[in-house]
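Chemist: I have a structure here, written as structure tokens, and I will follow up with some questions on it.
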Amino acid sequence: MKLRNKFLLFAVLMHLVFIFLLLNLPEKKLFLFVAGEVLILLSVICSFWLYNGIRQPSKLISSGIEAIKDKDFNTRLVKTNHSEMDDLIHVYNQMIDQLREERIKQSEKNHVLDKLIGASPSGIILLEENDLISAINNAAVQMLQLGSTNAKGMTLSDIPGQLPLEIAKIGNGEASIITINGASIYKCQKAHFVDLGYSHYFILIEQLNDEIYKKEKTAYEKVIRIMSHETNNSIGAINSILSTVINFKDQLHQANREDYEDALNVAINRNKALSNVISNFAQVVKIPEPLLESHDLNQLLKTVHILMEAEGRKKQVNWVLELCSGELLATIDSAQIEQVLINVVKNALESVEFNGTIKLESSRNPAMLCISDNGKGIPAEVSQQLFTPFFSSKKNGQGIGLTLSREILLNHHCSFSLKTIDNWTEFKIGSFNFHAS
């Protein structure tokens with residue numbers, strides 16, 4: 001029971017007792033009766049005055065409590081001209097002012113932090129208990145390819161795709177480099193911070209493609225230029241000398257002449273082959289900037305099909321063209337993209353068995369090109385290295401085709417992947433600068 005109610009109950013009971021006693025006075029005690037009534041009246045007035053003195057502070061305290069419960073830190077209490085109560089009100093108002101300032105500062109910090117997280121190029125995922133996602137920024141949404149899916153309340157294991165599954169395996173305080181489809185490289189780290197005694201976990205995802213590709217390109221460009229310069233200069237001079245030397249064959253004995261000529265021709269041919277190898281490497285370095293124009297990607301796939309169809313007859317390849325209706329216009333360098341598609345189809349032709357199938361597909365939603373085959377497939381240990389410069393799983397391969405394709409697609413700011421799913425090896429190209437036909 002509240003203090004004011006206790007006081008009110010006490011005052012009522014006390015005055016009822018006084019009234020009862022007055023009513024039971026002897027009739028001859030009229031003076032006492034009148035005096036008693038006056039005293040009771042004065043007591044009622046004093047009690048009412050005291051009750052108001054208790055009720056007003058109590059009301060103010062209740063108002064302050066309700067304001068704190070409602071987190072309304074803008075309400076201040078007015079002084080009552082009672083020194084004890086005014087001291088309490090002064091402390092309360094100071095506390096409210098402090099809470100309001102702290103809330104404003106906290107709100108400003110949270111607003112700035114939300115803006116920074118939202119604008120960060122790194123993916124950031126905040127986790128609740130049981131590893132449920134409580135917040136995720138736009139960069140992480142794009143990296144995890146969530147689209148319009150609301151990931152809040154989900155676990156990483158609930159999200160389809162290889163990247164979220166690999167991230168879910170990372171322990172607290174650990175960092176890991178994850179390669180997806182041989183083309184996308186991510187640095188992922190899981191850590192935590194303590195707030196109000198509770199641990200909150202978060203995951204940082206950084207895409208390393210651009211940084212790694214630039215370093216790789218700088219390194220191999222320098223090496224190839226040195227190799228090309230030194231080798232071509234030497235080979236040209238050596239072949240010139242060998243061609244001169246071969247003219248002296250007539251001065252040799254007839255029995256030695258043929259072996260002499262064959263040996264020199266072998267040396268000359270090997271030098272030419274070495275020069276061709278260096279020239280192939282130099283192609284990667286000498287890729288020009290794309291000349292961007294509007295082209296129909298469907299027509300480009302048809303052209304590649306016509307060019308490679310004759311080669312496919314050797315294995316009686318079944319060609320399947322599944323192209324979206326109408327034109328699929330994109331701003332590209334058609335010659336460079338055509339070279340990429342030819343390289344991909346060549347690899348597919350080498351992979352398929354006799355009477356195998358190669359599909360050439362295009363789609364608008366999502367806007368993408370896909371070349372797939374039901375050939376040998378890509379082993380798991382090879383898939384992580386596919387787009388490493390000059391890596392090749394072929395016995396005598398130089399890895400130039402995929403390296404060249406990678407550079408062209410990066411220059412077009414395209415996304416790409418190469419993987420085997422359900423016995424089909426798919427090379428997908430997306431993120432072209434598509435526009436309405």
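Taken together, the values in this text are just the output of simple stated rules run on the coordinates, not laboratory data. Being a predicted model, the structure only gives us computed values, none of them experimental. Positions of Cβ are backbone-derived with ideal geometry, glycine not excepted, and every protein chain shown enters the neighbour counts.
Chemist: Return one number: the angle in degrees, 0 to 90 and rounded to the nearest 10, between the long axis of the Cα atoms of helix 30-69 and the longest principal axis of the Cα atoms of the chain.
Modeler: Helix 30-69 sits roughly 0 degrees off the main axis of the chain.
Chemist: In what sequence do Cys46, Cys324 fall when counting other Cβ within 10 Å, fewest first?
Modeler: Lowest to highest Cβ neighbour count: Cys46, Cys324.
Chemist: Using 0.36 nm per residue, how much length does the chain from Val223 to Phe20 gain when fully extended, once their Cα-Cα distance is taken away?
Modeler: Using 0.36 nm per residue and subtracting the Cα-Cα distance, I get 61.6 nm.
Chemist: Here's something else I'd like to know. Can you list residues whose amide H is under 5 Å from Glu128's amide H, if they're 5+ apart or on another chain and H is modeled 1.01 Å from N?
Modeler: Ile133, Ser134
Chemist: Cross-link list Lys222/Lys315; Lys214/Lys314; Lys105/Lys152: which exceed 32 angstrom alpha carbon to alpha carbon?
Modeler: The pairs that break the limit, which is 32 Å between Cα atoms, are Lys222/Lys315; Lys214/Lys314.
Chemist: Starting from the 7 Å offset along Cα-to-Cβ, what nm value, one decimal, do you get for the label separation of Thr155 and Thr303?
Modeler: 5.1 nm
Chemist: Using the alpha-carbon atoms, what tilt in degrees (0 to 90, nearest 10) does helix 209-246 show relative to the longest principal axis of the chain?
Modeler: With both axes taken from Cα atoms, the answer is about 10 degrees.
Chemist: Further question: Tell me which lysines have Cα within less than 25 Å of Lys217's Cα, excluding those fewer than 8 residues away on the same chain?
Modeler: Those lysines meeting the cut-off are Lys187, Lys286, Lys346, Lys394, Lys395, Lys419, Lys428.
Chemist: Using a/c under 1.5 as the rounded threshold, could you call the chain rounded, prolate or oblate? The axes a ≥ b ≥ c are square roots of the C-alpha gyration tensor eigenvalues, and prolate needs a/b larger than b/c, oblate otherwise.
Modeler: prolate
Chemist: Under the definition of Cα pairs under 8 Å and six or more residues apart, what whole-number percent is the relative contact order of the chain?
Modeler: That works out to 9 percent.
Chemist: For helix 334-351, report the angle its Cα long axis makes with the longest principal axis of the Cα atoms of the chain; keep it between 0 and 90° and round to the nearest 10°.
Modeler: The answer is roughly 80 degrees.
Chemist: Note the full-extension length gain between Ala335 and Asn239 as 0.36 nm times their separation in residues minus their Cα-Cα distance, in nm to one decimal.
Modeler: 31.2 nm
Chemist: Fully extended, how many nm does the chain gain between Ala175 and Phe354 (0.36 nm per residue separation, minus their Cα-Cα distance)?
Modeler: Gain in length upon complete extension: 59.9 nm.
Chemist: What net charge is computed for the residues neighbouring Ile408, neighbours being all others with C-beta under 14 Å from the C-beta of Ile408, Lys and Arg scored +1, Asp and Glu -1?
Modeler: Local charge sum for Ile408: -1.
Chemist: What's the ranking of 296-307, 150-161 by average number of surrounding C-beta atoms within 10 Å, highest first?
Modeler: Output ranking for 296-307, 150-161: 296-307, 150-161.
Chemist: Now for a different question. At R0 = 25 Å, how high is the FRET efficiency between Leu132 and Glu102 if r is their beta carbon distance? Nearest 0.05 is fine.
Modeler: Computed FRET efficiency for Leu132 and Glu102: 0.30.
Chemist: Using Cα positions and a limit of under 16 Å, work out the lysines in reach of Lys69, with same-chain residues fewer than 8 apart set aside.
Modeler: Lys59
Chemist: Continuing with the same structure: Rounded, prolate or oblate: which fits segment 293-430 when a ≥ b ≥ c are the square roots of the eigenvalues of the alpha-carbon gyration tensor, with rounded for a/c under 1.5 and prolate only if a/b beats b/c?
Modeler: oblate
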